[in-house]
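Everything on this sheet refers to the single structure shown next.
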Amino acid sequence: MKITVEEEKCCGAGQCVLIAPEVFDQRDDDGIVILLDAAPAEDQHEQVREAAAVCPAACIHLDDNA
Amino acid sequence: MTAVRSVLVVGASAAGLTTAEALRRKGFTGTLTLLGAERELPYDRPPLSKQVLSGAWEPERAQLRSTQALAALDAEFVLGDPAVGFDADSREVTTASGRTLTADAVVIATGVTARTLPDQRGVRGTHVVRNLEDAAALRADLLSARRVVVIGDGVLGAETAATARQMGLDVTLVGPQAAPMTEQLGPLVAGHLADLHLRNGVELRGGVLLDALHTQGGAVTGLRLSDGTELEADVVVTAVGCVPATDWLGNSGLNLDNGVVCDAHCRAAPGVWAVGDVARWHHQGLGRPVRLENRTNASEQGLVVAADILGNGKPYLPVPYFWTDQFDVKLQVHGIASPVAQAEVVEGDPVDGRFVVRLEGPLGPECVLGWNMPKQARVQRADLVDYYTRPRQPVTP
Ligand SMILES: Cc1cc2nc3c(=O)[nH]c(=O)nc-3n(C[C@H](O)[C@H](O)[C@H](O)COP(=O)(O)OP(=O)(O)OC[C@H]3O[C@@H](n4cnc5c(N)ncnc54)[C@H](O)[C@@H]3O)c2cc1C
Ligand code: SF4
């Protein structure tokens, strides 16, 4: 799994961090998403999928073939 | 319950699409159909009053998912064909073009429609902002306008006023409250929001309503407020709230009361669920029915409904959340501000333009608001979880 995020779309909601804190964080100054791990281990995939589904800016993209 | 082999989602936007995607992700392999009134592929609404209105984004950028991602969903999209009737017993949906669709599970995700004022029907230069089409029409008018009046001082009115002002127009924001968004933010933060608008040159008219629109040759030229003030305007935007899109459910047998009434699992009837802006479900944490009109609710509720359809449901107990962007401020609101709550700045300082406010109610902290501090507000949200998720007995009045 390979994760990309569109920073310009991110609204700083932080839903991703609530769901998958090992993969996502937020910048202190403006809350924009920080991708901690672009290719997380298998045991994180479920949470990452949920984060991508819940992200209210639809800015987390997943590539399962990578 | 026998296994669900087909799901029909009515309303192909944030809530409907999230539900469909979650069904597939959770292993649903049956037939999946999404029926939508609009012709466009599913798109997101928050950018409509922000980047799409300002022109920072082309409208296509608001599309929720890429065409490939939608194809991978293996769902049939029936677009541009609104549902006009429903029977909850047979779970049969009829559409404007005469189709009849049915499924083992039907998900109602038709959202809300913008309220309009009787005066504005058919008057050129008057607008609402709900759909992509609305945003495009408003933008086109704003580009050649000088003076715009926004009626309605809730989230959408305040945000639209800010965007129009940033496009260089003279903007007046009109509404019944002392400060914009007082209901959603509480008086302290709403006061800061009023200052922000004033600093940026928006004229605020609080404590008033629209009395009459003035028109000439079918186009708006101005308006009179309830206090007798006359305002000139080339464009008038009304943001006076929304009504659940339930007209098509009139004879359905479902319980309709300010939305589709659902239980704690968002079930409206056997085999029928509601999700997103249209759903009024029993929030067990708050002990009362709740209907939320915000973007995160659309997705989070979609996940819960998908799980419930597949037999792994649980009560839906969100900490409500929305954000709004106005001028250089990103506002984050976790929880619901009640009028009696006490506000306290718990981090940062309003003087520096960055702070977090906590609203304390009789039962503990109920709302956290971030002003240019999204991350810090999200961290403080942890203190609200208990308030919203501990099942409570209904409060007897
Ligand atoms: C301009 C604007 C800005 C916003 N900004 C924010 C923000 O900053 N933050 C935030 O949290 N929230 C914001 N929101 C709210 C957020 O967009 C909504 O909560 C969200 O769109 C709800 O999703 P939904 O799928 O439930 O409903 P909708 O998005 O309303 O989708 C319902 C869909 O159902 C379709 N439909 C209706 N009737 C029928 C029918 N009879 N048959 C078939 N289809 C039908 C509609 O055409 C529509 O496509 C904003 C909303 C608007 C309009
Ligand atoms: S959930 Fe989406 S919008 Fe919110 S911080 Fe994460 S990436 Fe950004």
Members of the stretch B:1-46 found to be of a type in the set (Phe, Trp, Tyr), in contact with a strand residue (DSSP E or B) (Cβ under 6 Å, 6 or more places away or on another chain) and farther than 23 Å from B:GLN63 by Cα, listed by number: none
Residue match in the stretch B:192-199 (condition: closer than 25 Å to B:ASP119 by Cα, at pLDDT 95 or above and under 27 Å from the mean Cα position of the chain (by Cα)): no
Extreme residue, farthest from the other protein chains (Cβ to nearest Cβ), among residues of the stretch A:1-26 that are outside any loop (DSSP other than H, G, I, E, B) and crowded, with 22+ Cβ neighbours inside 10 Å: A:ILE3
Per-region count, the stretch B:38-51, residues closer than 15 Å to B:LEU138 by Cβ, more than 12 Å from chain A (Cβ to nearest Cβ) and more than 8 Å from ligand 1 (Cβ to nearest atom): 0
Strands (runs of 3 or more DSSP E) wholly inside the stretch B:218-325 that include at least 2 residues being modelled with pLDDT of 95 or more and under 21 Å from the mean Cα position of the chain (by Cα): B:235-238, B:242-244, B:267-269, B:272-274, B:279-283, B:288-290
Pick from the stretch B:279-303, criterion of a type in the set (A, V, I, L, M, F, W, C) and surrounded by 24 or more Cβ atoms within 10 Å (Cβ to Cβ), ranking: nearest to the other protein chains (Cβ to nearest Cβ): B:ALA298
Residue under evaluation B:GLU40, criteria (1) of a type outside the set (A, V, I, L, M, F, W, C); (2) within 23 Å of B:TRP248 (Cα to Cα); (3) outside any loop (DSSP other than H, G, I, E, B), criterion not met: (3)
Residues located in the stretch B:10-51, provided they are more than 19 Å from the chain's Cα centre (by Cα) and either crowded, with 23+ Cβ neighbours inside 10 Å or within 16 Å of ligand 2 (Cβ to nearest atom) (or both): B:ALA20, B:GLU21, B:ALA22, B:LEU23, B:LEU34, B:LEU35
Pair list, Cβ < 7 Å and 6+ apart or interchain, from the stretch B:151-170 residues that are within 14 Å of chain A (Cβ to nearest Cβ) to residues that are within 13 Å of ligand 1 (Cβ to nearest atom) and part of a helix (DSSP H, G or I): B:VAL155/B:GLN184; B:GLU159/B:SER49
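Rundown of residues vs (1) assigned by TED's automatic domain parsing to the domain that holds B:HIS127; (2) closer than 23 Å to B:LEU35 by Cβ; (3) surrounded by fewer than 14 Cβ atoms within 10 Å (Cβ to Cβ), yes/no style:
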{"site": "B:THR221", "(1), (2), (3)": "yes, no, no"}
{"site": "B:LEU225", "(1), (2), (3)": "yes, no, no"}
{"site": "B:THR229", "(1), (2), (3)": "yes, no, yes"}
{"site": "B:ALA233", "(1), (2), (3)": "yes, no, no"}
{"site": "B:TRP248", "(1), (2), (3)": "no, yes, no"}
{"site": "B:ASN258", "(1), (2), (3)": "no, no, yes"}
{"site": "B:CYS262", "(1), (2), (3)": "no, yes, no"}
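The values are calculated or read from the model by the stated rules, or taken from the named source; none is laboratory data. Keep in mind it's a predicted model, so treat the numbers as computed, not measured. Don't worry about glycine lacking a Cβ; one is built from the backbone with ideal geometry, like all the others, and counts go over all protein chains shown.
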